[in-house]
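Okay, so here's the structure we're looking at.
The values are calculated or read from the model by the stated rules, or taken from the named source; none is laboratory data. Just so it is clear, the structure is predicted and the values come from calculations on it, not from any experiment. In this analysis, Cβ positions are derived from the backbone assuming ideal geometry, glycine residues included, and neighbour counts consider all displayed protein chains. These accessible areas exclude ligands, DNA and RNA; they are computed on the full protein's heavy atoms, side chains included. Shrake-Rupley method; radii C 1.70, N 1.55, O 1.52, S 1.80 Å.
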Amino acid sequence: MREFFTAHAGRTLLAVSGGADSLALLRAAATLAPERVGVASIDHGLRAASADEVQAVRQLAAALGLGFHTASLGLRPGPAMEARARHARYAALETLRRGGGYAWIATAHTREDQAETLLMRLARGVALRGAGSIRARSGHILRPLLDVGRKDIETYVSAQGLHPARDPSNFDPLLLRARIRANVLPALVAAAGPASVKHLAGFAARAAEDEALLAEQASLGLERARVEGGLDAVAVRSLQGALRRRALVAWLAEAGVPASAALLSKVDAALARGGRCGLPGGRLLRSESGLLRIACPKGIPDSVTLKADAWVAFGDFRLRLDSQLLAGPAAFALEGELGPFRVRGRRPGDRVEAAAGRRRAVQDILVDARIPAEQRAAWPLLVEASGRVLWVVGLWPRARTDVQGKAVRAEATSASGLNGL
């Protein structure tokens, strides 16, 4: 593993939770390249024991003579907890990486993690991109243990006299990964032998390489198809299916449109025959006169990113991201939420957290508030970086005028928006 660290210029921040895998990463890195690593441990705030686990990592790092960094996230239980925790954790690690002058972040994903992720994605239905699962390097993230098996990790940790923390979520039967870890992977090993895990991980690595090549070719095809106002429909149609699909996904993503398999099929059909199809947020994809473009019906703006201390217009409102007390405008407090923050219109399936961990459909909130049907698609929603809806502006949760600290504030700019504030 020494080569893994020396092959990448700059220092590496080790992400250490206190579990067996991350303790193995910490101990090995401290032995092989102590001058090139520091340690980070994140307290999500979801379990009573998490603060003690961070403290144990701090003490071990100090004993090994390594720099230590930490962050407390204060997350709240609720829907999509795994995804929210993962997003918040990586955002916190990135902040620590930059603040500490590190070039890289190293996580302790193992061969079994790779196999479990592949099985999860196959079960949910993925294309080649999803089959690529976890990559040894992704942006600033390094994964030195991706070719190491969990049994080898546990043997090493025991031999080093380390005492790993036990995360109950790894054994929670409500979580798909935990069920695959406890039931599916052992059954596969029993049926096909221990080498099956290595074969799954190897397939995922090769799939990632293939996907990288296809994505590069699709990107080149997309650039060649760009014209004023959209894409050259003939150029896009001329791409082979695998490249065309990837080019369309990338193009839609630029416009803030998540491309599900069903939507991509509709877009491809409209492209092939010439015509139109609806997109989330009330927008419309048109394939006419050799041009493929996304149209915003009158009164329905695109999503906009909020900027600090600057008003942004959206429909019948104006909004701003503010860090100071501002008298007057109603506000939504940003308590532990992660930016960048955007404002966009409603999309099919949008939901927002309600009382007691339940969720309400945004459509129901708009209907209950007697918002006219023609205004609902353009009613502003505040969303965080992951796309989760935080605030149906002025409607749910109810805005306050006494918010201090970081908040998003909104004002109605016409009579149509006054009922919400």
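Restricting attention to segment 34-55, which residues are in a helix (DSSP H, G or I) and farther than 19 Å from residue 106 by Cβ?
50, 51, 52, 55
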Might you check whether a residue that is farther than 22 Å from residue 156 by Cβ, open to solvent by 40 Å² or more (accessible area, probe 1.4 Å) and among the acidic types (Asp, Glu) occurs anywhere in segment 3-22?
-> no
Of the residues in segment 237-284 that are in contact with a Gly (Cβ under 8 Å, 6 or more places away or on another chain) and open to solvent by less than 20 Å² (accessible area, probe 1.4 Å), the one that is nearest to residue 211 (Cα to Cα) is 247
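Table: residues versus (1) at pLDDT below 90; (2) over 16 Å from the mean Cα position of the chain (by Cα); (3) of a type in the set (Phe, Trp, Tyr).
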position	(1), (2), (3)
60	no, yes, no
72	no, yes, no
81	yes, no, no
86	yes, no, no
119	no, yes, no
125	yes, yes, no
136	yes, yes, no
140	no, no, no
148	no, yes, no
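One line per residue, one yes/no per condition, for (1) within 27 Å of residue 113 (Cβ to Cβ); (2) under 22 Å from the mean Cα position of the chain (by Cα); (3) in a helix (DSSP H, G or I); (4) not acidic (Asp, Glu):
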position	(1), (2), (3), (4)
196	yes, no, yes, yes
199	yes, no, yes, yes
237	no, no, yes, yes
248	no, yes, yes, yes
252	no, yes, yes, yes
Before we move on, is residue 420 at pLDDT 85 or above, over 20 Å from residue 83 (Cβ atoms) and part of a loop (DSSP other than H, G, I, E, B)?
-> no
Restricting segment 118-136 to residues that are assigned to a helix (DSSP H, G or I) and open to solvent by less than 10 Å² (accessible area, probe 1.4 Å), the one nearest to residue 189 (Cα to Cα) turns out to be 118
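Being among the polar types (S, T, N, Q) and under 19 Å from residue 139 (Cα atoms) is the filter here, so list the residues in segment 199-223 that pass it.
Quick first cut of segment 199-223, residues among the polar types (S, T, N, Q) only: 217, 219.
Correct list: 219 only.
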Can residue 72 be described as among the hydroxyl-bearing types (Ser, Thr, Tyr) and within 25 Å of residue 179 (Cα to Cα)?
-> no
